[in-house]
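Below: the structure, in structure tokens.
The values are calculated or read from the model by the stated rules, or taken from the named source; none is laboratory data. Because the structure is a prediction, the values reported are computed rather than measured. Backbone-built Cβ (ideal geometry, glycine too); neighbour counts: all protein chains shown.
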Amino acid sequence: MPRHDRDEIARRAGYATWREAVQATAGLPQQEAGRLLGVSHPTIRVWRAELGLDRAAARPSPAQSAEAFRQDGHDARHGTANGYRNLGCRCERCTAAWTAYQRDRRG
């Protein structure tokens, strides 16, 4: 998209430049920013990438998330088949839930 089109879009949305518009909406999800500026969310993604704003916040690894789950005995997922199978918890509640799940599956 040519630069003048970007600036025109930004002016219609109430911003002086497209850079200002993209930076002002950087904290919003792409779809929401696109609706606000009147463009598609892939366009927002491209604009953010051009300005270096496309980097997502670092997420914990699955192993870190599973370890945090296992250490938190009050997590609502304890006592579920998901806790046993996907998160690797072997507490009594999760083991019993997994056993019941398997028993139900086998009929």
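Yes/no per residue for (1) more than 30 Å from V22 (Cβ to Cβ); (2) in a loop (DSSP other than H, G, I, E, B); (3) at pLDDT 90 or above; (4) not aliphatic (A, V, I, L, M):
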| position | (1), (2), (3), (4) |
| --- | --- |
| R59 | no, yes, no, yes |
| S65 | yes, no, no, yes |
| F69 | yes, no, no, yes |
| G79 | yes, yes, yes, yes |
| N82 | yes, no, yes, yes |
| A97 | yes, no, yes, no |
| Q102 | yes, no, yes, yes |
Inset, instruction - Considering every residue within region 49-67, establish whether at least one is surrounded by 14 or more Cβ atoms within 10 Å (Cβ to Cβ) and under 30 Å from C91 (Cβ atoms). - result: yes
Inset, instruction - Would you tally the residues in region 10-29 being surrounded by fewer than 17 Cβ atoms within 10 Å (Cβ to Cβ), of a type outside the set (A, V, I, L, M) and under 19 Å from D54 (Cβ atoms)? - result: 6
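If you take the residues in region 24-55 that are in a loop (DSSP other than H, G, I, E, B) and under 16 Å from G14 (Cα atoms), which one is nearest to the chain's Cα centre (by Cα)?
Going residue by residue through region 24-55, those that are in a loop (DSSP other than H, G, I, E, B) are 25-29, 38-40, 51-55.
Filter again for under 16 Å from G14 (Cα atoms), leaving 25-26, 38-39.
On the way: T25: 17, A26: 15, G38: 23, V39: 21 Å.
Here the residue is A26.
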Inset, instruction - Go through region 54-107 and give me each residue that's within 30 Å of I44 (Cβ to Cβ) and basic (K, R). - result: R55, R59
